[in-house]
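*Asks:* Starting off with a structure, shown below.
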Amino acid sequence: MSADLRRRRELLAAEFARLQYDLGGLAYEMAIRDHIRVDVLVRRAARLQEIDAELGEVERLALLEDSAAGGACANCGSLYGKGSFYCWKCGNRLMEESEPLATATPPVTGR
């Protein structure tokens with residue numbers, strides 16, 4: 001894993017943990033005061049989801065970089081090996097079909 005990806009992953013993981021902790025504390029404080037503000041909780045949860053999605057993408061990129069993977073399936077996101085024609089998980093075609101090679105036909109000779 002490159003140093004940039006590792007650093008980004010560490011920052012996102014720390015931010016995710018902090019937001020998760022804060023969201024739990026906020027929900028607890030609202031509950032003990034019997035004053036739940038769903039709109040506030042939803043906004044905080046949405047930010048937590050954004051960080052979680054970005055962290056997942058960074059981890060996927062790091063895995064792709066560290067493995068002998070050829071890429072990720074556009075259909076299901078599973079990693080596949082270099083030279084694969086179909087995704088092992090969903091069967092999606094990974095490579096475009098190339099045109100068949102023209103076969104040489106023998107010249108027609110008169111008898």
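None of the figures in this text is laboratory data; all of them are computed from the coordinates on show. Small disclaimer: the values here were computed from a predicted structure and weren't measured. Every residue, glycine among them, receives a Cβ derived from its backbone with ideal geometry; neighbour counts consider all protein chains shown.
*Asks:* Which of the residues spanning the range 37-74 are touching a helix residue (DSSP H, G or I) at 6+ places or on another chain (Cβ under 8 Å), part of a helix (DSSP H, G or I) and small (Gly, Ala, Ser)? So that I can check it myself, show each step before the final result.
*Replies:* From the range 37-74, those touching a helix residue (DSSP H, G or I) at 6+ places or on another chain (Cβ under 8 Å) are 37, 40-41, 44-45, 47-48, 51-52, 54-55, 58-59, 61-62, 65, 69, 71-72; that's our starting set.
Within this subset, residues satisfying the condition of being part of a helix (DSSP H, G or I) are 40-41, 44-45, 47-48, 51-52, 54-55, 58-59, 61-62, 65.
Passing the criteria: Ala45, Ala62.
*Asks:* Could you tell me whether Ser84 is touching a Gly at 6+ places or on another chain (Cβ under 9 Å) and of a type in the set (Ser, Thr, Tyr)?
*Replies:* When the stated conditions are applied, Ser84 passes them.
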